[in-house]
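Read-outs: derived from the displayed coordinates by stated rules, not from any lab. Just so we're clear, the structure is a prediction, and the values are computed from it rather than from any experiment. Cβ placement follows ideal geometry from the backbone for every residue including glycine, while neighbour counts extend to all protein chains displayed.
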Amino acid sequence: MIQIYCGDGKGKTSAGVGACVRAAGHGIPVVFAQFLKDDTSGEVEMLRQLPGVAVLHAAHNFGFWKSQSSEEQDITRREAQELLDRVEETMQRAKKRRPDADAEIDCLVVLDEIMAAVNLGLLEKQQVMDFLSRKGEQTEVVLTGRNPWEELVQQADYVSEVTARKHPYEQGIVARVGVER
């Protein structure tokens, strides 16, 4: 099945992390990949400590896309492509660790901020759709980010939209360790 957590509100990544924790608690292999983010958030640090969870991210994070130089954008684009390839390789290895052919779910894959990677042109929509078509029937995939495209929404089994009604950032409060990062 395919799950989408989208919208302009806080909590999309946290929902993906929660799915990882639940799956790992049942012995299901997990692949958690973050696009356009570094690996410094507390939730990612905890995921690394869970048995059976692989955490992947790009080698570099140059900050917000709009503030990146053209050279940095080229690197970010190349590394997004490489990351999607690594996700697929890691997913295939993870599935081999759960050889039970009757298992309801053989692997959970979370692609955090994958919609941003597509919307910024780092990945093509078709690459993501092709990945989803190859994932296998027993593989659960969670996609997070803003503005999913219609074909993706139609393909998904779950779509949850997180809406911002109020956020401390609007009052000049930056992301706080342990709460937003």
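Select one label from (i) 51, 32, 31; (ii) 71, 41, 21; (iii) 59, 35, 30: the one whose number is Cα extents along the principal axes in Å as derived from the coordinates shown.
Computing Cα extents along the principal axes in Å and matching it to (i) 51, 32, 31; (ii) 71, 41, 21; (iii) 59, 35, 30 gives (i).
What is the helix-to-structure angle for 125-134, meaning the angle in degrees between its Cα long axis and the longest Cα principal axis of the chain, kept from 0 to 90 and rounded to the nearest 10?
20
Mind pulling the angle between the C-alpha long axis of helix 12-25 and the longest principal axis of the chain? Nearest 10 degrees, somewhere in 0 to 90.
Computed tilt is about 30 degrees.
What net charge is computed for the residues neighbouring PHE131, neighbours being all others with C-beta under 14 Å from the C-beta of PHE131, Lys and Arg scored +1, Asp and Glu -1?
Residues close to PHE131 contribute a combined charge of -4.
Quick one: which residues, 5 or more positions from LEU120 or on another chain, have an amide H under 5 Å from its amide H? H modelled 1.01 Å from N in the peptide plane, none for Pro or chain starts.
So LEU120 has HN proximity to no qualifying residue.
Can you list the residues, at least 5 places off or on another chain, whose amide H is less than 5 Å from the amide H of THR139, using H built in the peptide plane?
Amide H to amide H, under 5 Å and 5 or more residues apart or across chains, THR139 pairs with ASP106.
Taking amide H atoms as placed 1.01 Å from N in the peptide plane, list the residues 5 or more away in sequence, or in a different chain, whose amide H sits under 5 Å from that of VAL110.
Result for VAL110 returns VAL31, PHE32, ALA33, VAL142.
In whole Hz, what ³J(HN,Hα) sequence does segment 43-58 give by Karplus (6.51, -1.76, 1.60; θ = phi - 60°), x for Gly and Pro?
5, 5, 4, 5, 4, 4, 7, 7, x, x, 10, 9, 10, 10, 7, 5
Given the DSSP H assignment, sum -39500 (n - 2.57) over each helix run of at least 4 residues in the chain and divide by its residue total; what's the result at 222 nm in deg cm²/dmol, nearest 500?
-12000 deg cm²/dmol
Considering only LYS166, LYS135, LYS37, give the residue with the highest GNM mean-square fluctuation for the chain, with springs between Cα atoms whenever their separation is below 10 Å.
LYS166
With contacts defined as alpha carbon pairs under 8 Å and 6 or more residues apart, what's the relative contact order of the chain in percent?
That works out to 38 percent.
Can you tell me the orientation of helix 70-96 relative to the chain, as the angle in degrees between its alpha-carbon axis and the longest Cα principal axis, to the nearest 10?
That works out to roughly 20 degrees.
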